[in-house]
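Chemist: Pasting a structure here, questions to come.
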Amino acid sequence: MVVWFLNFWPNMKKLRLGIIGDPIIHSLSPIMHEAALHALGIEGSYTPLQVSSNQLSSVISQRRENWDGWNVTVPHKGNIIPLLDTIETQARKINSVNTVVRLKDHRLWGTSTDGYGLIKALECNLNFIPNGTHVVLLGAGGAARAAAAALALADISKLTIINRTPEKAMEIVNFVKTLSSCQTEIMTPSQIIAPLSSGDLVIQATSLGLKEIDPLPFSPQFLPEKCCVFDMIYSSTPFLQQSQRLGFKTSDGLEMLLYQGVKSFEYWTNQEAPVEIMRQTLYHAKGRK
Ligand code: NDP
């Protein structure tokens, strides 16, 4: 994707960015992007906005002229699509948008940077290269769709999707088949009553774990032997803690947050993102070294 022609910036005006979602209070995107703007000397702001599903349409109409670009998070990544003017091909196929750019002609363009963020995070944190591997995906929402597409394009050999609603998993499988000849399999959590017999990587891509009262998305007792475990949520969820205690190599989603943000930032500014500053900001916020 050629970024320069999409971009409205730089014209030296204040860059107005933000993120919409529900819940939004936990989001680290504002501090990460404001640190990046500051580091590059770009005058601008990045504002979190709590938006419920029934407010989405009116908020997009308002933000159309007020924001130059924004991120989209749970639960709006699919529902925002009909409210935008043009969608990047891959994002349309996965029915998920996490980044919106207002073009020079004021049309709203949507894309997804989640898949890019995931592949970079797997490499950085788990030293995991997807080529030829069997990946088990928990969840079939927007992030899972983006992950499935990125993994299919990175030549995995098999994809297993475990989701409460099998129809949503089937939609992803049908889409993956247009991208790759990898084997596919669908299961519901209730079908799993013993450890999975294979799987090199398990990716937790449900929203379970965001709230303290959430049940486990999957019992870590049933993880396949010697697999790596990646939880997209960027804190130490009970699922991740229990997997770690059982001796699995684990990673949370902080590095994915970083790299999906890096790509979004580059779309908005047409400049190379200050990755290390963005990473340090996130690590500092999470009390990590
Ligand atoms: P969606 O709302 O699109 O999808 C949510 C998924 O969680 C669906 O598969 C849904 O199942 C499942 N789910 C929700 N509640 C339950 C429940 N009670 N029991 C079983 N399954 C449930 O969310 P996203 O795909 O956008 O995001 C998923 C997670 O990934 C979030 O926690 C988000 O924060 C994280 N994420 C992290 C990123 C990062 O950069 N680190 C980037 C993107 C996302 P069903 O289909 O049956 O409804």
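The numbers here are math on the coordinates, done by the rules we state, and not lab data. Owing to the predicted nature of the structure, the values given are computational and were not obtained by experimental measurement. Cβ placement follows ideal geometry from the backbone for every residue including glycine, while neighbour counts extend to all protein chains displayed.
Chemist: Return the whole-Å distance between the Cα centroid of segment 76-135 and the Cα centroid of segment 242-289.
Modeler: 16 Å
Chemist: While we're on this one: So how do 171, 185, 276 line up by other beta-carbon neighbours within 10 Å, fewest first?
Modeler: Details: 171 16, 185 13, 276 10.
The fewest-first ordering by Cβ neighbours comes to 276, 185, 171.
Chemist: Do me a favour and compute the ellipsoid semi-axes for segment 14-87 from its Cα gyration tensor, root of five times each eigenvalue, largest one first, whole Å.
Modeler: Gyration-tensor ellipsoid for segment 14-87: 22, 14, 10 Å.
Chemist: Follow-up question, since we're still on this one. Compute the angle between helix 114-126 and the longest alpha-carbon principal axis of the chain, please, reported from 0 to 90 degrees and rounded to the nearest 10.
Modeler: Tilt relative to the chain: about 60 degrees.
Chemist: Magnitude of the Cβ-charge dipole of the chain, K/R +1 and D/E -1, about the Cα centre, nearest 20 debye?
Modeler: Dipole magnitude for the chain comes out near 200 debye.
Chemist: Related question: Share of antiparallel DSSP beta bridges in the chain, in percent to the nearest 5?
Modeler: 15 percent
Chemist: Where does the longest stretch of the chain lie that holds no chymotrypsin sites (Phe, Trp or Tyr not before Pro) found in a DSSP loop with 14 or fewer other Cβ atoms within 10 Å? Intermediate values should be presented prior to the final figure.
Modeler: Numbers: sites that count: 4, 5.
Excluding the exposed sites themselves, the longest stretch runs over 6-289.
Chemist: Using only the alpha-carbon atoms, what does segment 83-222 span along each of its principal axes? Please give whole angstrom values in decreasing order.
Modeler: That works out to 55, 37, 31 Å along the principal axes.
Chemist: In what order do 173, 136, 72 fall by count of nearby beta-carbon atoms within 10 Å, going from fewest to most? Don't jump to the answer; show the numbers that get you there.
Modeler: Working: 173 19, 136 24, 72 27.
With the fewest neighbours first, 173, 136, 72 line up as 173, 136, 72.
Chemist: Here's a follow-up. Debye calculation, C-alpha points only, no solvent: report log10 I(q)/I(0) for the chain at q = 0.09, 0.12 Å⁻¹, in the same order as the q values.
Modeler: Evaluating at q = 0.09, 0.12 Å⁻¹ gives log10 I(q)/I(0) of -0.41, -0.74.
Chemist: Sort 65, 266, 212 so the one with the fewest other Cβ atoms within 10 Å of its own Cβ comes first.
Modeler: Numbers: 65 10, 266 16, 212 6.
Starting with the residue having the fewest Cβ neighbours, the order is 212, 65, 266.
Chemist: Express as a percent, rounded to the nearest 5, the fraction of DSSP beta bridges in segment 29-121 (both residues included) that run antiparallel. Display every interim value, and only then the final one.
Modeler: Numbers: 7 of 9 bridges.
Antiparallel: roughly 80 percent of the beta bridges in segment 29-121.
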